[in-house]
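Accompanying notes for the structure given below.
The values are calculated or read from the model by the stated rules, or taken from the named source; none is laboratory data. As the structure is a computational prediction, the values presented were derived from the model and not from experiment. Counting neighbours? That spans all protein chains shown, and the Cβs are built from the backbone with ideal geometry, glycine included.
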Amino acid sequence: MEESKSRTFWEYLTYISENKSPLDFVLVWDHIDRFLWGALLTLEITILALLLGGVLSVPMAIARAYKHRWLNFPIWCFTYFFRGTPLLVQTYLIYYGLAQFESVRESFLWDPVLSSAWWCALIVFTLNTAGYTTEFLRGSIETTPAGEIEAARACGMSPMTMLRRVVLPSAFRRALPAYSNEVIFMLHGSVVLSTITLQDLLGAGRWLNGRYYLAYEGFITAMLFYMVLVFIISRGFSLWEKHWLVHLRQRESETGAVAARAG
Amino acid sequence: METVWAYRGLLFDGTVVTVQLAIASLLLAVFFGLIGATAKLSSNRLSQKIAGAYTTLIRGVPDLVLMMLLFYGGQQLLNEFGELTGWWEYLEINQFTSGIFSIGFVFGAYMTETFRGAILAIPRGQIEAGIACGMTSMKIFRRITWPQMVRFALPGFANNWLVLVKATALVSVIGLHDLVWNASTAGRSVREPFTFMFTVLIIYLFLTAVSDVGLRWLDRRYNVGVRKV
């Protein structure tokens, strides 16, 4: 009894969805697994690229901030190139472009790495995010308060110790708000994946629309997924900021005074 | 390299389309940004809410998704609406228009934040002084708010513009014959995709460098009265 009732309800819902509702939500629900896999791929490449790019950017930012005699200029060229050009074209350059060269096609890297869209995307995204991260990390290293450095020197710290214990910890903290933007931009940028044959979130939306000849459903579903991801990321970062930047927060009474003045 | 030179006309046409698209979307973005900033700063709760939803939506959704939604979905919506009301027969949104609208809409949200910050940076006393002198709100905007707002907004504006120029590349995905589309088609047909894509990157770097010069000029112009330390 219960069984048949629930089935009629489902049939009723399908009927509404197909004929009455502007969006066929039952159809989307039937293919929700595609979107989940797409979200997984989007997250996988974005997170890996952010981790690898982050690791790359720290030594580059240090070299830029301290104006290393040999490394400063090449790193500047690298960041200028990756920050000044579209991620889409960078990805095309590597994924479609490298096949132009005989030597690349015959090298040992070709088969497992450079001929695969996944690897090409990971390489390009990593370099791209490393470019952006290097520059704002350099900025926050350069704005280390002079007093902190003087204090470290006065304590007799070696340059390495000072970097490790004083400069980097405070620079990372100051870079955190900019980094949360970079993470969100990277997630936005990951839509490029769907242009090089990969089934990311947008790819799933495009697949659904193409298969059933729809105009909205796939894109709107992908859009909702992206919004949820961005919401989670922003929430995560604001918690992280609260934890890491707790010493910079204004005292409660002061915040009240500022708010009163602004209002 | 000779092949790139042989296709210079095609690449040049593409560059022109890219620049036109970027400038048209910038104008639209400034328009949306001014409206958004006004709405965010107004005392009307509803307009604050709407502007807040707008900036949150844009921050949450990648531009290519909106672009595709507008290009495919917007087209259908427009025609369904036309059919329903009988106001128009069949309309087609081309790639250029949906590119302008989606990029303009997306960057309008970033401009909203930039302009809002810039307006908030103007000392309140100056606006009160304008009111005390009997200026109309239009005159206050023209003589007090705008000149200073531009100065405060310029760094953020410059950044938005540079990001916007790069975002135009995405319109090639929905088939606009811009620089990227032309170059990748040409590159595929002569089997030299790397050379062509590399040329595209150089052209983008060139566009960035040119806009840097222009932005620096604007910066000097609007900072004339500011004392430098």
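Assorted remarks:
- Output for region B:179-189, where each listed residue is more than 10 Å from every other protein chain (Cβ to nearest Cβ) and closer than 24 Å to B:A22 by Cβ: B:W181, B:N182, B:T185, B:A186
- Test result for A:T79, hydroxyl-bearing (S, T, Y) and within 22 Å of A:V167 (Cβ to Cβ): yes
- Any hit, region A:186-196, residues being of a type in the set (V, I, T), away from chain B (no Cβ under 11 Å) and over 17 Å from B:L69 (Cβ atoms): no
- Only residues that are without any contact (Cβ under 8 Å) to a residue 12 or more places away in the chain, facing chain B (nearest Cβ under 8 Å) and among the aromatic types (F, W, Y) were counted in region A:203-244, giving 1.
- Spans of helices (runs of 4 or more DSSP H) in region A:24-136 with at least 2 residues of a type in the set (A, V, I, L, M) and away from chain B (no Cβ under 14 Å): A:25-30, A:32-65
- Among (1) buried (at least 16 other Cβ atoms within 10 Å of the Cβ); (2) of a type in the set (D, E, K, R); (3) more than 8 Å from every other protein chain (Cβ to nearest Cβ), the one test that B:E192 misses: (3)
- Total residues in region A:1-45 satisfying the condition of being at pLDDT 90 or above, in contact with a helix residue (DSSP H, G or I) (Cβ under 6 Å, 6 or more places away or on another chain) and either exposed (fewer than 14 other Cβ atoms within 10 Å of the Cβ) or among the hydrophobic types (A, V, I, L, M, F, W, C) (or both): the figure is 3.
- Qualifying position, being under 30 Å from A:V89 (Cβ atoms), of a type in the set (A, V, I, L, M, F, W, C) and buried (at least 21 other Cβ atoms within 10 Å of the Cβ), among B:L162, B:L154, B:L170: B:L170
- Residue in region B:137-146 that is over 28 Å from A:G189 (Cβ atoms), surrounded by fewer than 16 Cβ atoms within 10 Å (Cβ to Cβ), hydroxyl-bearing (S, T, Y) and modelled with pLDDT of 90 or more present: no
- Filter result for A:V183 (among the β-branched types (V, I, T), under 23 Å from A:I62 (Cα atoms), modelled with pLDDT of 90 or more and crowded, with 17+ Cβ neighbours inside 10 Å): yes
Okay, residues lined up against (1) touching a residue at least 12 places away in the same chain (Cβ under 8 Å); (2) over 25 Å from B:I50 (Cα atoms); (3) assigned to a helix (DSSP H, G or I):
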| site | (1), (2), (3) |
| --- | --- |
| B:F101 | yes, no, yes |
| B:I122 | yes, no, no |
| B:K139 | no, yes, yes |
| B:I144 | yes, yes, yes |
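- A:V183 vs. criteria free of Cβ contacts under 8 Å to residues at least 12 places away in the same chain, of a type outside the set (F, W, Y) and closer than 24 Å to A:Q90 by Cα: no
- Selection from region B:186-197 of residues that are assigned to a helix (DSSP H, G or I) and free of Cβ contacts under 8 Å to residues at least 24 places away in the same chain: B:G187, B:R188, B:S189, B:P193, B:F194, B:M197
- All of (1) within 22 Å of B:F101 (Cα to Cα); (2) assigned to a helix (DSSP H, G or I); (3) more than 8 Å from chain A (Cβ to nearest Cβ) hold for B:L176 with one exception: (2).
- Look at (1) under 18 Å from the mean Cα position of the chain (by Cα); (2) over 30 Å from B:T15 (Cβ atoms) and you find that B:A129 fails only one, number (1).
- If the condition is being of a type in the set (S, T, N, Q) and closer than 30 Å to B:R151 by Cα, then region B:74-122 contributes B:S102, B:T112, B:T114.
- Close pairs (7 angstrom Cβ cut-off, 6 or more residues apart or separate chains): at the interface with chain A (Cβ under 9 Å from one of its Cβ atoms) in region B:198-223, outside any helix (DSSP H, G or I) and surrounded by 14 or more Cβ atoms within 10 Å (Cβ to Cβ) anywhere: B:L201/A:T85; B:Y204/A:T85; B:Y204/A:P86; B:L205/A:T85
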